[in-house]
Amino acid sequence: MKAAILGYGTVGSGVYEILTKNEAVIAAKAGEAVEVKYVLDLRDFPGDPVEKVLVHDYEIIAADPEIAIVIEVMGGVKPAYEFVKRALLAGKNVCTSNKELVAKHGAELLAIAKEQKVNFYFEASVGGGIPIIRPLQECLTADVYEEISGILNGTTNYILTRMYNEGADFDGVLKEAQACGYAERNPAADIEGHDAGRKIAILASLAEGKKVAFEDVTVEGITAISSTDIQYAKALGAKIKLIASAKWENGSLFMMVAPKLITAANPLYSIDDVVNAVKVRGNMLGDVMFSGRGAGKLPTASAVVSDVVAAAKHAKENTGFFWSEEVRRPESTDTMVNRFLVRVDADKKAKAEAVFGAGKEVSIGLADEFAFVTEPMQESVFAAKAAELGELRGRIRAELV
Ligand code: HSE
């Protein structure tokens, strides 16, 4: 079976490496050998073994009827969407790690794949190397989902962990995450929470069987988190994690990505560095958690190649996905209930207590600052009280038990 890889960046070079190094075991599992006939990239790679299969023009791949599997690891929507759609329409299987593409066009591309009796697989689009798409599709099918939540971005978890463990500086650690191949080409997608937002939108879509748009997810990143916030986390026996969640309550769906203070009572507390974790709660099963390396060359490529094996096994039959083009809108997050760590100037203490009630005071020994954790309250109630109080030094949602 012949395959083409679109993109020879971090993930693409990992896919090429795995398909070459693990050729024999992959052939045994796929039922036949998978040969990389082309790698598409605009750049040249002098001296790299990929040179012998490198092409610069997608039309060569599109025009080759021997190509049965297209592996899209370019990232971004343009031109990935056009290339993937054309490949599917031409009866080729597609495997991708591209969460932006899947979140935006997943339902449409799955419908085309079904019509063409091929497959559109995207295991690597959420959680890097963690198997989560296939488990949701094929294993946890007896349950009604009550909650899917987790740490879905490796870059931000790496940054927050280093800030917590070593007091490292945000910008410096972000550069390291980029050097490790964790961050997106534009790392704003990581640190502003958009990458995690796209991933939770994909998981919620698979849970619902309908299209949950990334644009409908309330998203907050970690750019406002400072070393002072980390000190408060320590004083509270907590860590700050970027938590993505989809929760179903009485038929309503609530979705949010935001930094949160969590304690060891939450299993996500111990998920550090580039590791991601996804907690799934089913109405019959209870809780299960999947964890592993959520970003980086080989873990992500491993998930892509697992899709290549599945595509090779089912090259001429569509294996089906529970994800239609019907839209499912989450509710407004106004009624979600959270506690908050609030930091204000010390001279606002009396006003803060008048507006919020006593709360639970927390100190890290700063004379000019007053900080407290509120009682649980609805997001809209918090927003109104915060507006009444005036300028805050900071506020972070808190799950403290
Ligand atoms: N930039 C992403 C992350 C890559 O840091 O999680 C994996 O999707």
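The values are calculated or read from the model by the stated rules, or taken from the named source; none is laboratory data. Because the structure is a prediction, the values reported are computed rather than measured. Backbone-built Cβ (ideal geometry, glycine too); neighbour counts: all protein chains shown. The accessibility values were calculated without ligands, DNA or RNA, using every heavy atom of the protein model including side chains. Shrake-Rupley method; radii C 1.70, N 1.55, O 1.52, S 1.80 Å.
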Dipole check, the stretch 132-205, charges on Cβ (K,R +1; D,E -1), about Cα centroid: among PRO187, LEU140, ALA168 the Cα furthest to the positive pole belongs to PRO187
Test item: Cα-centred dipole of the stretch 15-119, Lys/Arg +1 and Asp/Glu -1 on Cβ, debye: 460 debye
Once ligands and nucleic acids are excluded and a 1.4 Å probe is used, how much of MET74 is accessible, expressed in Å² to the nearest 10? 50 Å²
Compute the relative contact order of the stretch 133-293 as a whole-number percentage, counting only Cα pairs closer than 8 Å that sit 6 or more residues apart in sequence. 35 percent
So which chymotrypsin sites (Phe, Trp or Tyr not before Pro) in the stretch 274-353 are both in a DSSP loop and have at most 15 other Cβ atoms within 10 Å of their Cβ? PHE322
Globularity ratio of the stretch 336-399, using Cα Rg and 2.2 N^0.38 Å: 1.00
Just the C-alpha atoms of the stretch 133-293: what Rg/Rh do they give, with Rh taken as the Kirkwood radius? 0.97
Taking the solvent-accessible surface of protein heavy atoms with a 1.4 Å probe, what is the per residue accessible area of the stretch 247-401 in Å²? 47 Å²
Unsatisfied cross-links (Cα-Cα over 32 Å) in the set LYS2/LYS175; LYS199/LYS360; LYS52/LYS297; LYS117/LYS241; LYS99/LYS385; LYS247/LYS360: LYS2/LYS175; LYS199/LYS360; LYS117/LYS241; LYS99/LYS385
Helix-derived [θ] at 222 nm for the chain: sum -39500 (n - 2.57) over DSSP H runs of at least 4, divide by residue count, nearest 500? -10500 deg cm²/dmol
Carbon and sulfur atoms account, in whole percent of the 1.4 Å probe accessible area of the chain, for 51 percent
Just order 178-186, 207-215 by mean Cβ neighbour count inside 10 Å, highest at the front, would you? 207-215, 178-186
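I want to verify the translational diffusion coefficient of the chain in µm²/s; compute it with Stokes-Einstein, Rh as the Kirkwood radius over Cα pairs, at 4 °C and 1.567 mPa s.
Details: Rh = 22.2 Å.
My calculation gives 58 µm²/s for D.
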Could you give the size of the charge dipole of the chain about its Cα centre, using +1 on the Cβ of each K and R and -1 on the Cβ of each D and E, expressed in debye and rounded to the nearest 20? 480 debye
Proximal aspartates and glutamates relative to LYS313, as straight alpha-carbon distance under 19 Å, when same-chain residues fewer than 8 apart are discounted: GLU23, GLU32, GLU35, GLU66, GLU72, GLU115, GLU123, GLU138
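Could you give the alpha-carbon Rg of the stretch 106-179 over 2.2 N^0.38 Å, rounded to two decimals?
On the way: Rg = 17.7 Å, N = 74, 2.2 N^0.38 = 11.3 Å.
So the stretch 106-179 has a normalised radius of gyration of 1.57.
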